[in-house]
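The values are calculated or read from the model by the stated rules, or taken from the named source; none is laboratory data. Everything quoted here is computed from the prediction, not taken from an experiment. Positions of Cβ are generated from backbone atoms using ideal geometry, with glycine treated the same way; all protein chains shown enter the neighbour counts. Calculation scope for accessible area: heavy atoms of the full protein, side chains included, ligands and nucleic acids excluded. Shrake-Rupley method; radii C 1.70, N 1.55, O 1.52, S 1.80 Å.
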Amino acid sequence: AQTVTQSQPEMSVQEAETVTLSCTYDTSENNYYLFWYKQPPSRQMILVIRQEAYKQQNATENRFSVNFQKAAKSFSLKISDSQLGDTAMYFCAFGLSGAGSYQLTFGKGTKLSVIP
Amino acid sequence: SAVISQKPSRDICQRGTSLTIQCQVDSQVTMMFWYRQQPGQSLTLIATANQGSEATYESGFVIDKFPISRPNLTFSTLTVSNMSPEDSSIYLCSVEGPVTNYGYTFGSGTRLTVV
(Lines give C-alpha, C1' and ligand atoms only; values in the text may rest on other atoms or scores of the structure.)
Protein backbone atom coordinates (compact mmCIF):
# COMPACT_ATOMS: atom_id res chain seq x y z
CA ALA A 1 0.00 0.00 0.00
CA GLN A 2 1.06 3.53 -0.67
CA THR A 3 1.34 6.28 1.95
CA VAL A 4 1.68 10.03 1.58
CA THR A 5 3.00 12.25 4.36
CA GLN A 6 2.73 16.00 4.63
CA SER A 7 4.63 17.05 7.72
CA GLN A 8 3.54 20.70 7.78
CA PRO A 9 -0.06 21.07 9.00
CA GLU A 10 0.03 24.85 8.58
CA MET A 11 2.25 27.39 6.91
CA SER A 12 2.14 31.08 6.22
CA VAL A 13 3.92 33.31 3.73
CA GLN A 14 4.02 37.00 2.99
CA GLU A 15 2.43 38.11 -0.23
CA ALA A 16 4.95 38.10 -3.14
CA GLU A 17 7.32 35.81 -1.26
CA THR A 18 8.17 32.17 -2.04
CA VAL A 19 7.04 29.17 0.00
CA THR A 20 7.79 25.45 -0.24
CA LEU A 21 5.39 22.75 0.89
CA SER A 22 6.82 19.33 1.68
CA CYS A 23 5.54 15.88 0.75
CA THR A 24 7.08 12.44 1.08
CA TYR A 25 5.62 9.17 -0.04
CA ASP A 26 6.28 5.50 0.25
CA THR A 27 5.79 2.93 -2.49
CA SER A 28 7.43 -0.14 -3.90
CA GLU A 29 6.10 0.64 -7.37
CA ASN A 30 8.14 2.21 -10.14
CA ASN A 31 5.45 3.73 -12.37
CA TYR A 32 3.23 6.33 -10.78
CA TYR A 33 2.03 9.91 -10.79
CA LEU A 34 2.28 12.55 -8.11
CA PHE A 35 -0.10 15.47 -7.78
CA TRP A 36 -0.60 18.64 -5.83
CA TYR A 37 -4.19 19.76 -5.34
CA LYS A 38 -5.45 23.03 -3.95
CA GLN A 39 -8.69 23.23 -1.98
CA PRO A 40 -9.85 26.77 -1.21
CA PRO A 41 -12.76 27.41 1.19
CA SER A 42 -15.13 26.79 -1.71
CA ARG A 43 -14.02 23.12 -1.24
CA GLN A 44 -13.42 22.62 -4.97
CA MET A 45 -10.37 20.40 -5.50
CA ILE A 46 -8.19 22.08 -8.12
CA LEU A 47 -5.25 20.33 -9.76
CA VAL A 48 -2.17 22.50 -9.36
CA ILE A 49 0.52 20.34 -10.91
CA ARG A 50 1.24 16.75 -11.92
CA GLN A 51 4.52 14.84 -12.17
CA GLU A 52 5.08 11.52 -13.93
CA ALA A 53 7.59 9.40 -12.05
CA TYR A 54 9.43 8.36 -15.20
CA LYS A 55 10.24 11.98 -16.04
CA GLN A 56 13.40 13.36 -14.50
CA GLN A 57 12.51 16.93 -15.34
CA ASN A 58 10.57 18.71 -12.63
CA ALA A 59 7.10 19.89 -13.63
CA THR A 60 6.28 23.60 -13.67
CA GLU A 61 3.02 25.52 -14.09
CA ASN A 62 3.50 29.27 -14.06
CA ARG A 63 4.29 30.22 -10.44
CA PHE A 64 4.13 26.60 -9.26
CA SER A 65 7.00 24.15 -9.55
CA VAL A 66 7.97 20.89 -7.93
CA ASN A 67 11.20 19.37 -6.70
CA PHE A 68 10.80 15.66 -7.42
CA GLN A 69 13.45 13.44 -5.84
CA LYS A 70 12.51 9.89 -6.81
CA ALA A 71 15.22 8.13 -4.85
CA ALA A 72 14.35 10.06 -1.72
CA LYS A 73 10.60 9.71 -2.45
CA SER A 74 10.15 13.41 -1.99
CA PHE A 75 7.82 15.73 -3.91
CA SER A 76 7.80 19.33 -2.68
CA LEU A 77 5.78 22.20 -4.14
CA LYS A 78 7.26 25.66 -4.54
CA ILE A 79 4.95 28.64 -4.94
CA SER A 80 6.69 31.77 -6.18
CA ASP A 81 5.35 35.32 -5.91
CA SER A 82 2.62 34.17 -3.52
CA GLN A 83 -0.78 35.76 -4.01
CA LEU A 84 -3.73 36.15 -1.66
CA GLY A 85 -5.68 33.75 -3.84
CA ASP A 86 -3.17 31.02 -3.04
CA THR A 87 -4.61 30.78 0.47
CA ALA A 88 -6.02 27.25 0.65
CA MET A 89 -5.45 23.70 1.79
CA TYR A 90 -2.87 21.93 -0.34
CA PHE A 91 -2.96 18.17 -0.70
CA CYS A 92 -0.22 15.97 -2.08
CA ALA A 93 -1.51 12.82 -3.79
CA PHE A 94 -0.09 9.62 -5.24
CA GLY A 95 -1.58 7.57 -8.06
CA LEU A 96 -0.33 4.38 -9.67
CA SER A 97 -0.20 4.21 -13.45
CA GLY A 98 -1.27 1.18 -15.40
CA ALA A 99 -4.47 -0.74 -15.85
CA GLY A 100 -6.55 -1.30 -12.75
CA SER A 101 -4.61 1.11 -10.56
CA TYR A 102 -6.46 4.37 -10.67
CA GLN A 103 -7.23 5.51 -7.14
CA LEU A 104 -5.44 8.42 -5.52
CA THR A 105 -3.91 8.33 -2.05
CA PHE A 106 -3.88 11.73 -0.34
CA GLY A 107 -1.74 13.24 2.37
CA LYS A 108 -3.38 15.02 5.31
CA GLY A 109 -2.86 18.43 3.76
CA THR A 110 -1.08 21.69 4.54
CA LYS A 111 -3.08 24.81 5.28
CA LEU A 112 -1.36 27.73 3.59
CA SER A 113 -2.14 31.30 4.52
CA VAL A 114 -0.85 34.17 2.40
CA ILE A 115 -0.48 37.31 4.51
CA PRO A 116 -0.96 40.73 2.89
CA SER B 1 -10.87 18.86 -19.75
CA ALA B 2 -14.04 17.37 -18.28
CA VAL B 3 -16.60 19.55 -16.50
CA ILE B 4 -18.38 17.93 -13.59
CA SER B 5 -21.76 18.92 -12.19
CA GLN B 6 -22.30 17.58 -8.69
CA LYS B 7 -25.65 17.97 -6.97
CA PRO B 8 -26.76 18.92 -4.40
CA SER B 9 -24.03 21.30 -3.30
CA ARG B 10 -25.16 21.02 0.32
CA ASP B 11 -27.93 19.50 2.37
CA ILE B 12 -29.05 19.14 5.95
CA CYS B 13 -30.70 15.81 6.62
CA GLN B 14 -32.40 14.07 9.52
CA ARG B 15 -30.76 11.03 11.00
CA GLY B 16 -32.13 7.76 9.65
CA THR B 17 -32.89 9.17 6.21
CA SER B 18 -30.99 8.75 2.93
CA LEU B 19 -29.50 11.23 0.47
CA THR B 20 -28.55 10.60 -3.15
CA ILE B 21 -25.76 12.66 -4.66
CA GLN B 22 -25.47 12.99 -8.43
CA CYS B 23 -22.34 13.38 -10.54
CA GLN B 24 -22.77 14.35 -14.18
CA VAL B 25 -19.80 14.73 -16.55
CA ASP B 26 -19.93 16.55 -19.87
CA SER B 27 -17.75 13.91 -21.57
CA GLN B 28 -17.37 10.16 -21.39
CA VAL B 29 -14.79 9.18 -18.80
CA THR B 30 -13.09 5.92 -18.04
CA MET B 31 -13.12 6.04 -14.26
CA MET B 32 -15.43 7.63 -11.71
CA PHE B 33 -14.71 7.73 -7.99
CA TRP B 34 -16.43 8.80 -4.81
CA TYR B 35 -14.46 10.30 -1.93
CA ARG B 36 -15.38 11.37 1.57
CA GLN B 37 -13.73 14.27 3.36
CA GLN B 38 -14.59 14.43 7.03
CA PRO B 39 -14.33 17.84 8.76
CA GLY B 40 -10.75 19.07 8.79
CA GLN B 41 -9.48 15.85 7.26
CA SER B 42 -8.05 14.61 3.99
CA LEU B 43 -9.89 12.70 1.29
CA THR B 44 -10.67 9.01 1.65
CA LEU B 45 -11.79 6.89 -1.27
CA ILE B 46 -15.19 5.30 -0.73
CA ALA B 47 -15.46 3.34 -3.96
CA THR B 48 -14.77 3.18 -7.66
CA ALA B 49 -17.96 3.37 -9.71
CA ASN B 50 -17.85 0.80 -12.50
CA GLN B 51 -20.01 1.24 -15.58
CA GLY B 52 -22.51 -1.57 -15.88
CA SER B 53 -21.35 -3.51 -12.86
CA GLU B 54 -21.16 -3.28 -9.08
CA ALA B 55 -18.91 -0.64 -7.56
CA THR B 56 -15.60 -1.59 -5.98
CA TYR B 57 -15.57 -0.56 -2.32
CA GLU B 58 -12.60 0.29 -0.16
CA SER B 59 -12.03 -1.22 3.24
CA GLY B 60 -14.47 0.20 5.77
CA PHE B 61 -17.15 1.07 3.24
CA VAL B 62 -20.04 -1.25 2.33
CA ILE B 63 -22.64 -1.30 -0.38
CA ASP B 64 -25.59 -1.30 2.00
CA LYS B 65 -24.46 1.99 3.49
CA PHE B 66 -23.14 3.63 0.30
CA PRO B 67 -24.94 2.18 -2.73
CA ILE B 68 -23.50 3.48 -5.99
CA SER B 69 -24.87 3.42 -9.50
CA ARG B 70 -23.17 4.11 -12.80
CA PRO B 71 -25.57 3.51 -15.65
CA ASN B 72 -23.35 5.02 -18.34
CA LEU B 73 -19.96 6.65 -18.94
CA THR B 74 -21.05 10.16 -17.91
CA PHE B 75 -23.20 9.72 -14.80
CA SER B 76 -23.00 8.22 -11.32
CA THR B 77 -24.87 8.48 -8.05
CA LEU B 78 -23.83 7.88 -4.47
CA THR B 79 -26.46 7.29 -1.81
CA VAL B 80 -25.69 7.76 1.86
CA SER B 81 -28.18 5.50 3.63
CA ASN B 82 -29.61 5.47 7.13
CA MET B 83 -27.60 8.54 8.00
CA SER B 84 -26.13 9.37 11.38
CA PRO B 85 -24.27 12.51 12.50
CA GLU B 86 -21.00 10.67 11.82
CA ASP B 87 -21.85 10.81 8.12
CA SER B 88 -21.57 14.59 8.16
CA SER B 89 -18.82 15.21 5.60
CA ILE B 90 -18.03 16.57 2.19
CA TYR B 91 -18.59 13.99 -0.53
CA LEU B 92 -16.68 14.45 -3.77
CA CYS B 93 -17.01 12.88 -7.17
CA SER B 94 -13.83 12.48 -9.24
CA VAL B 95 -13.25 11.36 -12.81
CA GLU B 96 -10.27 10.27 -14.86
CA GLY B 97 -9.73 9.36 -18.48
CA PRO B 98 -8.49 10.63 -21.83
CA VAL B 99 -10.59 13.81 -21.61
CA THR B 100 -8.86 14.74 -18.37
CA ASN B 101 -5.47 14.00 -19.91
CA TYR B 102 -5.28 11.24 -17.31
CA GLY B 103 -5.39 13.76 -14.52
CA TYR B 104 -8.10 13.52 -11.89
CA THR B 105 -10.83 16.14 -12.03
CA PHE B 106 -13.11 16.71 -9.08
CA GLY B 107 -16.65 17.91 -8.70
CA SER B 108 -17.39 20.84 -6.42
CA GLY B 109 -18.46 18.54 -3.61
CA THR B 110 -21.57 18.02 -1.51
CA ARG B 111 -21.50 19.28 2.05
CA LEU B 112 -23.74 16.98 4.08
CA THR B 113 -24.84 17.76 7.62
CA VAL B 114 -26.83 15.15 9.52
CA VAL B 115 -28.83 16.36 12.51
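Odds and ends about this structure:
- Computed from backbone phi, the HN-Hα couplings of region B:35-49 come to 10, 10, 10, 6, x, x, 10, 7, 8, 10, 6, 7, 6, 9, 8 Hz, rounded to whole numbers (Karplus: 6.51 cos²θ - 1.76 cosθ + 1.60, θ = phi - 60°; Gly and Pro given as x).
- Between the residues B:Gln24, B:Ile12, B:Ile63, the greatest Cα displacement towards the positive end of the dipole of region B:4-114, with unit charges on the Cβ of Lys, Arg, Asp and Glu, is found for B:Ile12.
- Around the amide H of B:Ile21, modelled in the peptide plane, lie the amide H atoms of B:Leu78, B:Thr79, B:Val80, all under 5 Å away and 5 or more residues distant in sequence or on another chain.
- Counting only other chain Cβ atoms within 10 Å of each residue's Cβ, the peptide A:32-43 averages 2.
- Lysines with Cα under 20 Å of A:Lys38, excluding same-chain neighbours fewer than 8 positions away: A:Lys78, A:Lys108, A:Lys111
- In a DSSP loop and with at most 13 other Cβ atoms within 10 Å, the GluC sites (Glu not before Pro) in region A:2-88 are A:Glu15, A:Glu17, A:Glu29.
- Counting protein heavy atoms only, region A:3-111 has 45 percent of its accessible area on carbon and sulfur, 1.4 angstrom probe.
- Radius 11 Å from Cβ of A:Ile79, net charge of other residues (Lys, Arg +1; Asp, Glu -1): -1
- Cα pair distances exceeding 20 angstrom across region B:4-114, given as percent: 34
- Converting phi to 3J(HN,Hα) with the Karplus coefficients 6.51, -1.76 and 1.60 and the offset θ = phi - 60°, region A:6-22 yields 10, 8, 10, x, 9, 8, 9, 8, 6, 3, 6, 8, 10, 9, 10, 9, 9 Hz in sequence order, with x at every glycine or proline.
- Solvent-accessible surface (1.4 angstrom probe) belonging to B:Val62, in square angstrom, nearest 10: 90
- The Rg/Rh ratio for the protein assembly as shown is 0.97, where Rg is the radius of gyration of the alpha carbons and Rh is the Kirkwood radius.
- Based on the reciprocal of the average 1/r between different C-alpha atoms, the Kirkwood radius for region A:3-111 equals 14.1 Å.
- Amide hydrogen proximity for A:Ala59: with H placed 1.01 Å from N in the peptide plane, the residues at 5 or more positions away or on another chain lying under 5 Å are A:Val66.
- Average beta-carbon neighbours from other chains, 10 Å sphere, peptide B:89-98: 2
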